[in-house]
Ligand SMILES: NC(=O)c1ccc[n+]([C@@H]2O[C@H](COP(=O)([O-])OP(=O)(O)OC[C@H]3O[C@@H](n4cnc5c(N)ncnc54)[C@H](OP(=O)(O)O)[C@@H]3O)[C@@H](O)[C@H]2O)c1
């Protein structure tokens, strides 16, 4: 099969697009013909070697896939050849990545793809929506009527958080770096969308939510607690989930006197059972037409290095070049 893999960590040029042996599905695995994969910032960190990861080379990149079951192992109960499926959380804990024409995936990680949704849209919703669901439902315990703020409402995670928070009944404030992105945020359902380059975001948040923000979801890699804690409501919750190198100062006084809490999490720590519960809700909301993918562009898997360069410039370099997911087609 063709795959995009690395033999060593380094810049995007270390990505090889070439031939690897076809995987053989185990008893509880399905062999999936991959229809589409996408790029997540974590793929970039792994390829760069900037986070600790046990990699056995050649290492196939990629966390997510959407495709069709070609073959089901003898012990597989839930899927059969021809079923359309999606998965996230591959390419970690010894599981091979997804950037290939074929992938052998344990059925515990597979979810059915809702009827009518293409592989490109499905894969673009996978990791980011599982992340949003775990954060909003499990950690932030977001309630209907509460105010949620998230930076980057057209980003991978941000666009999922905006849509899901609306589904959960929250009033949503978000930002974008251009007027075009701001209007895309409104189309995703945001009640208030602000241009963080041209508007006074903090003043607008205070005007929208005089009692403060109940849930502040920070997507930025340098959280600024000096700024955000004064904007939190009594018993406000803050989600932090990015920025491994971040070492911001933390104003304890203004935080504890409002009974606030801060919760960090990484979606890859969630078990397959926990992720399945998120996936079930995601599938239901897709089927109901409530959750839409934001695909910035579709490239060929052979352009994996270019896709990585673009993702790195956008997420880490804050180039603003992307307004959604990069999807790759094997
Ligand atoms: N902990 C977890 O489980 C988990 C899961 C997924 C991702 N992550 C992490 O979460 C972060 C975001 O991931 P992603 O996939 O959403 O990345 P992304 O698609 O690149 O989104 C980044 C967002 O940040 C916004 N942004 C950049 N500079 C900003 C600024 N100064 N003010 C306000 N917004 C700004 C961008 O908005 P514009 O485009 O409008 O500039 C963009 O929407 C990454 O660091 C990733 O590693 C963590």
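Which one is surrounded by the fewest Cβ atoms within 10 Å (Cβ to Cβ), of the residues in segment 113-130 that are under 24 Å from residue 81 (Cβ atoms) and touching a strand residue (DSSP E or B) at 6+ places or on another chain (Cβ under 6 Å)?
Taking the candidates together, the pick is 120.
All but one of (1) within 18 Å of the chain's Cα centre (by Cα); (2) farther than 28 Å from residue 183 by Cβ hold for residue 307; which doesn't?
Result: residue 307 fails condition (2) only.
Just give me the residues in segment 31-55 being over 17 Å from the mean Cα position of the chain (by Cα) and modelled with pLDDT of 95 or more, in sequence order.
Within segment 31-55, 31, 32, 33, 34, 35, 47, 48, 49 meet the criteria.
Looking only at segment 166-191, count how many residues are assigned to a helix (DSSP H, G or I) and within 11 Å of the ligand (Cβ to nearest atom).
6
Residues that are in contact with a helix residue (DSSP H, G or I) (Cβ under 7 Å, 6 or more places away or on another chain) and at pLDDT 95 or above: list the helices (runs of 4 or more DSSP H) wholly contained in segment 243-330 that include at least 3 such residues.
272-287, 304-311
What is the number of the single condition among (1) without any contact (Cβ under 8 Å) to a residue 24 or more places away in the chain; (2) touching a helix residue (DSSP H, G or I) at 6+ places or on another chain (Cβ under 9 Å) that residue 62 does not meet?
So the condition that residue 62 fails would be (1).
Only residues that are within 8 Å of the ligand (Cβ to nearest atom) and closer than 21 Å to residue 126 by Cβ: list them for segment 304-330, please.
Within segment 304-330, 311, 314, 315, 322, 323, 324, 325 meet the criteria.
For segment 211-252, how many residues meet the condition of being surrounded by fewer than 12 Cβ atoms within 10 Å (Cβ to Cβ) and under 20 Å from residue 50 (Cβ atoms)?
Residues meeting the conditions: 4.
Looking only at segment 203-220, count every residue that is touching a residue at least 12 places away in the same chain (Cβ under 8 Å) and more than 12 Å from the ligand (Cβ to nearest atom) and tell me the total.
Qualifying residue count, segment 203-220: 11.
If you take the residues in segment 131-165 that are without any contact (Cβ under 8 Å) to a residue 60 or more places away in the chain and touching a strand residue (DSSP E or B) at 6+ places or on another chain (Cβ under 7 Å), which one is nearest to the ligand (Cβ to nearest atom)?
Looking at the filtered set, the residue picked out is 153.
When both residues are 6+ apart or on different chains and their Cβ atoms are under 6 Å apart, which pairs have a first residue that lies in segment 262-275 and is touching a residue at least 40 places away in the same chain (Cβ under 8 Å) and under 16 Å from residue 110 (Cβ atoms), and a second that is in a helix (DSSP H, G or I) and near the ligand (Cβ under 8 Å from one of its atoms)?
270/134
The values are calculated or read from the model by the stated rules, or taken from the named source; none is laboratory data. For clarity, every value in this text was computed on a predicted model and none was experimentally measured. Note: ideal-geometry Cβ built from the backbone for every residue, glycine included; neighbour counts use all protein chains shown.
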